[in-house]
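Here is the structure we will look at.
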Ligand SMILES: C[S@@+](CC[C@H](N)C(=O)[O-])C[C@H]1O[C@@H](n2cnc3c(N)ncnc32)[C@H](O)[C@@H]1O
């Protein structure tokens with residue numbers, strides 16, 4: 001039954017030419033679906049120009065668009081909600097209302113197949129009379145459904161996150177099968193804490209290998225339920241090419257700070273003699289090691305460590321200022337940590353690349369580092385169409401010994 005409904009829904013969504021989404025304005029997913037894509041791009045470009053303007057970049061390159069504008073995401077986290085005895089809601093959070101869920105029945109961010117899986121899971125939860133989790137009361141069972149799909153491989157992962165309790169595993173798998181949407185692996189995690197994050201503690205694999213494969217160009221990556229991977233696969237190919245071009249040829253050691261599952265370093269690996277990566281999330285580090293093996297990159301070491309501690313470690317300092325070392329820093333939204341900033345100031349390197357997903361944090365970090373480094377090139381890349389987010393790639397070069405001394409005397413307090 002579900003497979004017919006799903007197939008016609010997929011056809012309908014694929015044939016939509018004018019972008020109208022029934023959830024637009026309420027859903028927290030797309031803020032600018034009604035804005036022409038060209039305008040979205042110029043607004044983002046202007047924003048980045050304003051952010052980096054004070055640092056007088058030598059070259060500011062025009063923003064690169066996302067190759068796919070719709071259905072570009074390879075991962076989405078959906079929340080369960082709804083009244084105690086009412087219908088099960090499954091979708092994205094309402095704009096500015098953390099405890100209201102929009103029951104998503106169409107979406108331009110992930111594939112139409114995703115919407116079918118949401119329908120199937122909603123229906124299954126109602127049939128099994130499973131209570132949804134309430135954030136205020138901290139009661140209920142079903143918390144999140146995380147979907148991942150390899151845009152270049154077609155592989156799909158379903159990850160159900162619940163509170164403590166019994167899951168009717170067989171009926172869940174049967175329900176997913178009934179959609180006829182191919183699913184390669186299914187996982188179930190329990191999240192017993194109060195935090196509103198779609199991550200589980202204890203995880204059980206219900207089907208498949210517990211990981212999916214995604215490709216970036218010719219490179220193949222293994223992605224786990226919780227490992228970091230850029231959510232726009234085609235956009236990541238564009239971004240990583242920019243990083244690789246900025247990094248240049250014949251690099252002795254590439255040091256990939258905040259490396260996730262190793263994607264940036266491994267993308268640049270053909271030009272690199274030795275690769276070092278650091279990442280705090282243990283599962284991502286395991287995948288980074290596995291991914292290096294898959295690529296046949298033998299000269300790679302990944303440190304399962306806080307970047308702040310790594311920045312002071314003898315392993316790093318022994319290669320950091322060697323000629324031919326280049327670093328890539330792709331921090332989470334808050335930006336660079338204090339010891340990482342200090343490393344860059346106290347032990348300047350010839351050239352490094354800052355990949356930022358948060359222009360505000362980028363501006364604060366550049367203000368701190370600017371006396372020691374010159375902003376050589378800036379390349380904004382749109383990885384998140386229909387949302388206000390933008391990725392920025394910045395090439396920084398050492399400004400010279402005189403400048404570095406100024407930086408050291410005046411900028412060592414942050
Ligand atoms: C923006 S992602 C970049 C991932 C990777 N460069 C990529 O493109 O796939 C930031 C990464 O920093 C990691 N991270 C967050 N805090 C960290 C810390 N204190 N030390 C090391 N890694 C950290 C996150 O787990 C995440 O994988």
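All conditions in (1) touching a helix residue (DSSP H, G or I) at 6+ places or on another chain (Cβ under 7 Å); (2) without any contact (Cβ under 8 Å) to a residue 12 or more places away in the chain hold for residue 179, with the sole exception of (2). Out of 252, 256, one residue alone is part of a strand (DSSP E or B), closer than 22 Å to residue 301 by Cβ, modelled with pLDDT of 95 or more and near the ligand (Cβ under 10 Å from one of its atoms). It is 256. Taking residue 85 as the residue in question, decide whether it is surrounded by fewer than 20 Cβ atoms within 10 Å (Cβ to Cβ) and modelled with pLDDT of 90 or more. So residue 85 fails the test. Here is a check on your reading of the model: is residue 227 near the ligand (Cβ under 10 Å from one of its atoms), part of a loop (DSSP other than H, G, I, E, B) and either touching a residue at least 12 places away in the same chain (Cβ under 8 Å) or more than 20 Å from the chain's Cα centre (by Cα) (or both)? So residue 227 fits the description; yes. Residues that are away from the ligand (no atom under 14 Å from the Cβ) and touching a helix residue (DSSP H, G or I) at 6+ places or on another chain (Cβ under 8 Å) were ranked within the range 237-249; the one that is nearest to residue 72 (Cα to Cα) is 248. A single entry from 197, 146 fulfils the requirement of being within 16 Å of the ligand (Cβ to nearest atom), under 23 Å from the mean Cα position of the chain (by Cα) and either in a helix (DSSP H, G or I) or without any contact (Cβ under 8 Å) to a residue 12 or more places away in the chain (or both): 197. Here residue 267 fulfils each of the conditions (1) more than 22 Å from residue 335 (Cα to Cα); (2) without any contact (Cβ under 8 Å) to a residue 60 or more places away in the chain; (3) in contact with a helix residue (DSSP H, G or I) (Cβ under 7 Å, 6 or more places away or on another chain); (4) surrounded by fewer than 22 Cβ atoms within 10 Å (Cβ to Cβ) apart from (4).
Applying the selection to the range 329-361, what residues are crowded, with 20+ Cβ neighbours inside 10 Å, within 11 Å of the ligand (Cβ to nearest atom), touching a residue at least 40 places away in the same chain (Cβ under 8 Å) and not in a strand (DSSP E or B)? If the condition is that a residue be crowded, with 20+ Cβ neighbours inside 10 Å, within 11 Å of the ligand (Cβ to nearest atom), touching a residue at least 40 places away in the same chain (Cβ under 8 Å) and not in a strand (DSSP E or B), then 330, 331, 340 are the ones that fit. Considering only the range 164-181, state which residues are within 17 Å of residue 140 (Cβ to Cβ) and crowded, with 18+ Cβ neighbours inside 10 Å. The one that is within 17 Å of residue 140 (Cβ to Cβ) and crowded, with 18+ Cβ neighbours inside 10 Å: 172.
For the range 307-328, the criterion of being near the ligand (Cβ under 9 Å from one of its atoms), buried (at least 22 other Cβ atoms within 10 Å of the Cβ) and not in a helix (DSSP H, G or I) is met by at least one residue.
The set of residues in the range 182-194 being surrounded by 15 or more Cβ atoms within 10 Å (Cβ to Cβ) and in contact (Cβ under 8 Å) with a residue 40 or more places away in the chain consists of 183, 191. The single residue among 238, 242 that is modelled with pLDDT of 95 or more and within 15 Å of the chain's Cα centre (by Cα) turns out to be 238. Within the range 268-290, the residues that satisfy the criterion of being within 18 Å of residue 355 (Cα to Cα) and within 9 Å of the ligand (Cβ to nearest atom) are 277, 278, 279, 280.
The values are calculated or read from the model by the stated rules, or taken from the named source; none is laboratory data. All of these numbers come straight from a predicted model, not from anything done at the bench. Because the Cβ atoms are built from the backbone with ideal geometry, glycine has one as well, and the counts that use them run over all protein chains shown.
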